[in-house]
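Trainee: My questions all concern the structure below.
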Amino acid sequence: MIELATRHYLQGSSQIEIARDLGLDPSTISRYLKRARDEGIVKIDIVTPIRPNVELGLRLASEFGLDRAVVTELPPDAGADPMEIVARAAAEFISDQLRRGSRVGIGWGQTIAAVARHLDPGVVGELQVAQLAGGLADAAPGTQGHELARRLTEIYPDSRVTYLHAPSIVDSAALCDALLADRSVQAALATAARSEIALVGIGDMTPNATLLAASHILGDDLGELLAQGAVGSMNSRFFDVDGRPVEHLDRRTIANEWADLAAIPQVIAIAAGSAKAIAIRAAIRGGTINVLITDEGTAEAILA
């Protein structure tokens, strides 16, 4: 316990790094560190945080009823990409949540892809990974749900993946009904609904938004979504400024329902950029998100 506590608290090694060095599960390291605190080997003083990003996180969590809000500091380099900084923080947070055999539902998009690039390989294993939504028609390479699900199984040994072999948004309700009647699609959605952790991004309604561009939502459909008050999307489903579902495309959407997401114990939303502030605020109001990971500028815009 003294050795582990010294490495973790004094030398700054993470539980994941210590676990990897010693060939142990991170949960074992966590238990030893807890014993060290319980037995008085380690004593911790909690000091009122003075960093703006910590205070922002506490304010966000308190105001919106979140379990946790992780807010990254502003990058010292004005040219740095906020999404990459947020993705690194998200990867660290997610790694701490994973346990051997965890059931993980994963969305799609550039933000989730960035998170996957920063996850530490080999920390735990035997994950059960499932897609939360179908695929996109014209997404950038590496951002599709099935690609990200496969990436997790490559990072964490002996993991298994359940693919959702269907588009996220199809041309007609009849086609959607036919696909949803398929047993493999039903099984994939049911598996995703049993996830313990869900990783999702939040999209806005700008033309560059991944769902709008990659699913060819144009013309009448886009106009109707805006007319019904859509300000953003999450897991291929749209919502208004109060977080209420905008149902225009629901009869053509193949993804887990809002109620499915709400039933998952930990839904982690990762989103960066103050342009998304309205969409993020609305998504939180919808009541399905437990954890938000974002940057300082976006957090300030959400609270404003």
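The values are calculated or read from the model by the stated rules, or taken from the named source; none is laboratory data. Keep in mind it's a predicted model, so treat the numbers as computed, not measured. Neighbour counts run over all protein chains shown; Cβ positions are idealised from the backbone, glycine included.
Trainee: With the stretch 134-248 as the region, which strands (runs of 3 or more DSSP E) entirely inside it contain at least 1 residues that are closer than 20 Å to I106 by Cα and touching a Gly at 6+ places or on another chain (Cβ under 8 Å)?
Mentor: By residue number, 197-201, 232-234, 237-239.
Trainee: So how many residues does the stretch 187-226 have that are under 23 Å from the mean Cα position of the chain (by Cα), without any contact (Cβ under 8 Å) to a residue 60 or more places away in the chain and loosely packed, with under 14 Cβ neighbours inside 10 Å?
Mentor: 4
Trainee: Report whether or not A272 is under 14 Å from the mean Cα position of the chain (by Cα), buried (at least 20 other Cβ atoms within 10 Å of the Cβ) and either at pLDDT 95 or above or acidic (D, E) (or both).
Mentor: no
Trainee: Taking the stretch 171-206 only, how many residues are in contact with a strand residue (DSSP E or B) (Cβ under 8 Å, 6 or more places away or on another chain), among the β-branched types (V, I, T) and farther than 14 Å from S102 by Cβ?
Mentor: 2
Trainee: Looking at this structure, is L225 over 26 Å from V115 (Cβ atoms) and in contact with a His (Cβ under 6 Å, 6 or more places away or on another chain)?
Mentor: yes
Trainee: Considering only the stretch 42-55, state which residues are buried (at least 16 other Cβ atoms within 10 Å of the Cβ) and either in a loop (DSSP other than H, G, I, E, B) or at pLDDT 90 or above (or both).
Mentor: V42
Trainee: Tell me yes or no: at least one residue of the stretch 87-102 is among the polar types (S, T, N, Q), modelled with pLDDT of 95 or more and buried (at least 16 other Cβ atoms within 10 Å of the Cβ).
Mentor: Yes; the residues of the stretch 87-102 include at least one that is among the polar types (S, T, N, Q), modelled with pLDDT of 95 or more and buried (at least 16 other Cβ atoms within 10 Å of the Cβ).
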